[in-house]
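Heads up: the structure comes next, in structure tokens.
Each value in this text was obtained by applying a stated rule to the coordinates, not by laboratory testing. Quick caveat, the model's predicted, so the values are computed rather than measured. Here the Cβ is made from the backbone with ideal geometry for all residues, glycine too, and neighbour counts use every protein chain on show.
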Amino acid sequence: MTDQPEQNSPFPHAGGTLDAAKAAEQNPDVEDKEGRTDAESLREDRAEEQALQAEEAHADEPGLGGDGPQQQRPELTPAERAAAEKLFGDRLEMAEKFVDHLCSTGIEHGLLGPREVPRMWSRHVLNCAVLGPELPADAEVADVGSGAGLPGIALAIARPDVDVMLIEPMERRVQWMDTVTKDLGLDNVRLIRARAEEAVDEVMADVVTARAVSALKKLIPLTVPLLADEGELMLLKGRSAEAEIDAASKAISKHKLQRPEVLQLGEGLLEEPTTVVRCRRR
Ligand SMILES: C[S@@+](CC[C@H](N)C(=O)[O-])C[C@H]1O[C@@H](n2cnc3c(N)ncnc32)[C@H](O)[C@@H]1O
């Protein structure tokens, strides 16, 4: 999860259950709704499961950013400062403290790559915070695959009226977010250590967000079950947004969603606007 916010995570899928595994082994040629055979689907699930375990095992190893000198928070450029003041208001100091954590322990723990430090504001924190003004008043927000708290912590800082559930399966990342949110004194967040698919019974959100977790065709089945009836998905994406929507057409119709909208947020505020895919139920 180092460099590219728009890069797709290799480990978003639920992982096969034992029953699914048995079924796949017995019926290797049966196709699922996405046209994959059970055996292909199982292989893909296992690869994703292994990738998640491998990433967990190596997340805190030296060499992922912890070896070098401690990195410092980059200065805000005048344009970034104007955006940060607008988005964070009187919580700008809290946002600065969050950036301090990202640039120090966040890098040391391998949550972001060291090359991200100079662009921590523009490409990560401001890029996520531009979603803030789009959230309904007092909304319940669920951020799936929060990792280093992006976008979840940035949104909780920008919008003190909303409650943000930070859903993340990897223990070290959850511990890091726990330390950081306590240090910031951020009281409108709740940490849920789980995969999205395990959190279905305890989450019913007005807005579900995710950044760099998975391509849309896999992200939709993970996130829609966490939505309240009138809720909406706000998924941060990159240039691939339209192509991902096309590739997700079966998931969109299966989950009874309207055709997603692609929004460009932060135009005139950020050097590069943030692409967000918004989906609502039909
Ligand atoms: C590439 S990181 C992105 C982290 C953060 N959203 C960001 O933009 O910096 C992907 C994160 O998604 C988490 N993840 C993967 N599969 C998930 C699932 N099924 N449910 C919830 N989180 C998941 C991973 O543990 C990882 O922290």
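Just a few scattered comments:
- In terms of packing, defined here as the mean over residues of other Cβ atoms within 10 angstrom, the peptides 74-86, 136-148, 113-125 line up highest first as 136-148, 113-125, 74-86.
- The order of the peptides 102-111, 180-189 by mean Cβ neighbours within 10 Å, most packed first, is 102-111, 180-189.
- Neighbours of GLU261 by Cβ distance under 9 Å: Lys/Arg scored +1, Asp/Glu scored -1, total +3.
- Spatial separation of Cα centroids for segment 145-180 and segment 233-282, in angstrom: 22 Å
- Over all other residues within a Cβ to Cβ distance under 13 Å of ASP161, the charged ones net out to -3, with Lys and Arg as +1 and Asp and Glu as -1.
- Relative contact order [Cα under 8 Å, 6+ residues apart], segment 78-280, whole percent: 19 percent
- GLN264 versus GLU93: modelled label distance in nm, points set 7 Å from Cα along the beta carbon direction: 3.7 nm
- Report note on the peptides 163-174, 220-231: ranked by the mean count of other C-beta atoms within 10 Å, highest first, their order is 163-174, 220-231.
- Solution diffusion estimate, µm²/s, Stokes-Einstein, segment 78-280, Kirkwood Rh from C-alpha pairs, 10 °C, viscosity 1.306 mPa s: 94 µm²/s
- In this simple spin-label model, placing a label point 7 Å from the Cα along the Cα-to-Cβ direction at both GLU85 and VAL200 gives a separation of 4.8 nm.
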